[in-house]
Every structure is written in structure tokens, then in C-alpha cells.
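The values are calculated or read from the model by the stated rules, or taken from the named source; none is laboratory data. The structure displayed is predicted, hence computed values, not measured ones. All Cβ positions, glycine included, derive from the backbone under ideal geometry; neighbour counts span all protein chains shown. Heads up: the accessible areas ignore ligands, DNA and RNA and are worked out on the full protein's heavy atoms, side chains in. Shrake-Rupley method; radii C 1.70, N 1.55, O 1.52, S 1.80 Å.
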Amino acid sequence: AAPTTPQIQAKKAEVAAATKALADLNDDFEMKVEAYNAVTEALDATRADIEKTRAELERATERLGVAQDRLAERASAIYRGGEIDLLAVLVGTSSFDDFLTRLELLNRISTSDASLVQEVSGYRGMVVAAETALENREGEQIVLRQEAEAKRTQVEIALKKQQTYVAGLNTEVAKLIREEDERQRRIAEELARRAAAEAAARKA
């Protein structure tokens with residue numbers, strides 16, 4: 001068995017306390033790493049959503065452009081200088097009721113195209129709002145990740161410092177044990193020398 005003294009026992013108790021603190025720091029560090037990883041994953045997911053939203057915004061913008069062009073073409077065909085081309089409406093009509101029917105049809109077509117533009121424009125607005133919300137979330141998550149990284153680094157530094165401290169304590173314990181071993185060896189040698197001298201004296 002390794003020799004022991006009050007000093008060695010006290011130092012071992014110090015090692016035990018420091019090792020417990022090291023284990024606690026290690027647990028804390030693992031939690032900080034998990035928190036950092038979770039925020040990073042959330043940030044990556046948000047950035048992926050932003051990319052999808054931007055692609056959707058591009059498509060919505062293209063759809064809006066097509067709808068606006070269609071409305072402009074229809075308006076150009078129906079209106080001349082801001083007035084209804086009555087001649088175009090009257091051509092081929094057989095009665096006044098037919099004329100009214102054609103005029104109403106043209107108005108409905110124009111209204112339908114205008115509604116499409118409004119609908120697509122509204123959808124595009126929703127996509128823009130979603131993109132803005134995602135960008136705001138991204139900004140918040142970047143801050144959260146910076147905070148998580150700072151906490152992780154802080155605990156990591158403390159962990160390495162504690163590891164060095166525990167290693168130093170273990171070195172001190174090993175040194176004290178070696179010194180006690182050597183002291184006890186010298187005592188044993190001195191006792192053996194004295195016993196041999198006493199035995200020699202008795203024989204003389």
C-alpha cells in the first residue's frame with residue numbers, strides 16, 4: 001500500500017475536491033457545446049428558409065410581372081386613349097342587348113385581370129413580410145450564437161485551467177508519496193543498521 005501521512009491525506013482531499021470541480025466544469029462545458037450547436041443548427045435552418053423564401057419571392061415577382069403585363073395588354077385592347085373603343089365593341093353585334101353583353105364581358109375580363117394582379121401583389125407582399133421576419137430571426141440567432149460561443153469559450157478556458165490545476169495536485173501527491181517512501185526506507189535502513197549493531201555487540 002502507498003504510504004500516507006496527514007499531509008498526503010490533506011493533499012488527496014484537495015485533489016478529490018478539485019476533481020469534482022473539474023467534472024462539474026466538464027458537464028457545464030458539454031451543456032454549453034450543446035447549446036451552441038443547437039443555436040447553430042437553428043441559424044442554418046433559418047438561412048435555408050431565407051434562401052427558399054427569396055426563391056419564392058423571385059417567382060412571385062415574375063408572376064406579378066406577367067399578370068401586370070397581361071392587364072396592360074388587355075387594357076390596351078379595350079381602351080383607346082382612355083375611352084372604350086365602341087366601334088370594336090359594336091362590330092358583329094346584332095342588337096343593343098348584344099352590345100351590352102359584349103361590353104359587360106370586356107369589363108369582366110378587365111376586372112378579372114386587375115383582381116389577378118391584386119392577388120399576386122398581395123401574395124408577393126406576404127412573401128416579402130416572411131423574408132423580413134426570417135431576416136430578423138437570423139439577426140437574433142446570430143446574436144444568440146455569439147453569446148453561446150462566448151459562454152462556451154469561457155467555460156472551456158476554465159476547464160483547461162482546472163485540468164492543469166488537478167494535474168499539478170496529482171503531481172504534488174505523487175511527490176509527497178515518493179518522499180514518504182524514501183523517508184520510510186531510510187528509517188527502515190537505520191533500524192536495520194541499529195539492530196545489526198546491537199546483535200553484534202551482544203555477541204562480542
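For the range 174-185, the criterion of being closer than 25 Å to A23 by Cα and open to solvent by 50 Å² or more (accessible area, probe 1.4 Å) is satisfied by at least one residue. Quick one: would you say A129 is modelled with pLDDT under 95, out of contact with any helix residue (DSSP H, G or I) (no Cβ under 6 Å at 6 or more places or on another chain) and not β-branched (V, I, T)? Yes; evaluated as a whole, the condition is true for this residue. Just one of the numbered conditions (1) open to solvent by less than 60 Å² (accessible area, probe 1.4 Å); (2) within 30 Å of E51 (Cβ to Cβ); (3) under 19 Å from the mean Cα position of the chain (by Cα); (4) among the aliphatic types (A, V, I, L, M) is not true of V127: (3). Report whether or not Q141 is among the polar types (S, T, N, Q), open to solvent by less than 60 Å² (accessible area, probe 1.4 Å) and on the phi < 0 side of the Ramachandran plot. Yes: the conditions hold for Q141.
Cβ separations smaller than 7 Å between residues 6+ apart or across chains give the following pairs from the range 140-152 residues that are part of a helix (DSSP H, G or I) to residues that are small (G, A, S) and at pLDDT 95 or above: Q141/A42; A148/A35. Inside the range 1-46, residues that are surrounded by 15 or more Cβ atoms within 10 Å (Cβ to Cβ) and either closer than 30 Å to V127 by Cβ or among the acidic types (D, E) (or both) make up a count of 7.
Does any residue of the range 72-83 turn out to be of a type in the set (K, R) and modelled with pLDDT of 90 or more?
Initially, the range 72-83 is screened for residues of a type in the set (K, R), giving 74, 80.
Adding the requirement that they be modelled with pLDDT of 90 or more leaves none.
Within the range 72-83 (the criterion being of a type in the set (K, R) and modelled with pLDDT of 90 or more), the answer is no, since none of the residues qualifies.
Could you go through the range 39-53 and let me know if any residue there is at pLDDT below 90, in contact with an Asp or Glu (Cβ under 8 Å, 6 or more places away or on another chain) and either among the charged types (D, E, K, R) or not in a helix (DSSP H, G or I) (or both). No, the range 39-53 contains no residue that is at pLDDT below 90, in contact with an Asp or Glu (Cβ under 8 Å, 6 or more places away or on another chain) and either among the charged types (D, E, K, R) or not in a helix (DSSP H, G or I) (or both). For the structure I just gave you, tell me whether A114 is open to solvent by less than 80 Å² (accessible area, probe 1.4 Å), more than 34 Å from the chain's Cα centre (by Cα), at pLDDT 65 or above and within 30 Å of R185 (Cβ to Cβ). Taking the combined requirement at face value, the residue does not satisfy it.
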